[in-house]
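The values are calculated or read from the model by the stated rules, or taken from the named source; none is laboratory data. Bear in mind that the values here come from a model prediction, so they are computed numbers and not experimental data. Quick reminder, even Gly has a Cβ in these numbers, built from the backbone with ideal geometry, and neighbours come from all protein chains shown.
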């Protein structure tokens with residue numbers, strides 16, 4: 001994981017490194033052309049490279065912590081992301097906003113599903129009640145065939 005994040009870091013900083021090196025070469029060439037007797041170019045080049053490396057090391061520590069946490073989250077490991085740069089803080093705010101919206105939609109869908117289930121269970125209960133009554137009447141008719149059809153619910157005297 002370390003090497004993957006390092007490759008991403010170098011790829012993200014490639015343009016900065018190229019412009020910095022071009023800038024150093026330009027400044028050294030300018031001073032060399034303005035004073036041709038001065039053959040010293042290694043000293044300013046080494047100072048410039050030292051400052052570039054120092055900047056990249058500092059930036060690496062800020063970059064690595066956050067991107068390691070992101071990689072771990074992508075692997076479904078629980079980790080808190082601690083943003084250091086403004087870009088990382090903006091990403092954190094965007095991520096929190098998306099999580100909040102997703103959670104809200106999920107809870108709304110759960111509520112709708114609960115209501116749907118409640119409605120269906122009550123509807124089925126109300127549907128079963130008349131069917132059960134009809135079944136009981138049919139069973140009663142099958143068990144007592146001597147009772148005339150028009151006298152359901154009345155006693156044997158016809159009242």
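In summary, residue 80 fulfils each of the numbered conditions (1) modelled with pLDDT under 90; (2) surrounded by 12 or more Cβ atoms within 10 Å (Cβ to Cβ); (3) in contact with a helix residue (DSSP H, G or I) (Cβ under 9 Å, 6 or more places away or on another chain) with the single exception of condition (2).
Could you say whether any residue in the range 38-53 is part of a loop (DSSP other than H, G, I, E, B), in contact (Cβ under 8 Å) with a residue 12 or more places away in the chain and more than 28 Å from residue 12 (Cβ to Cβ)?
Our first condition is that a residue be part of a loop (DSSP other than H, G, I, E, B); within the range 38-53, this holds for 38-41.
Still in the list and also in contact (Cβ under 8 Å) with a residue 12 or more places away in the chain: 41.
Cutting the leftovers down to more than 28 Å from residue 12 (Cβ to Cβ) gives us 41.
Yes, because at least one residue in the range 38-53 is part of a loop (DSSP other than H, G, I, E, B), in contact (Cβ under 8 Å) with a residue 12 or more places away in the chain and more than 28 Å from residue 12 (Cβ to Cβ).
Report whether or not residue 61 is over 30 Å from residue 7 (Cα atoms), modelled with pLDDT of 80 or more and surrounded by fewer than 12 Cβ atoms within 10 Å (Cβ to Cβ). Against the criterion (over 30 Å from residue 7 (Cα atoms), modelled with pLDDT of 80 or more and surrounded by fewer than 12 Cβ atoms within 10 Å (Cβ to Cβ)), residue 61 does not qualify. Screening the candidates 141, 101 for the property of being more than 21 Å from residue 6 (Cα to Cα), part of a helix (DSSP H, G or I), free of Cβ contacts under 8 Å to residues at least 60 places away in the same chain and in contact with a helix residue (DSSP H, G or I) (Cβ under 9 Å, 6 or more places away or on another chain) yields one hit, 141.
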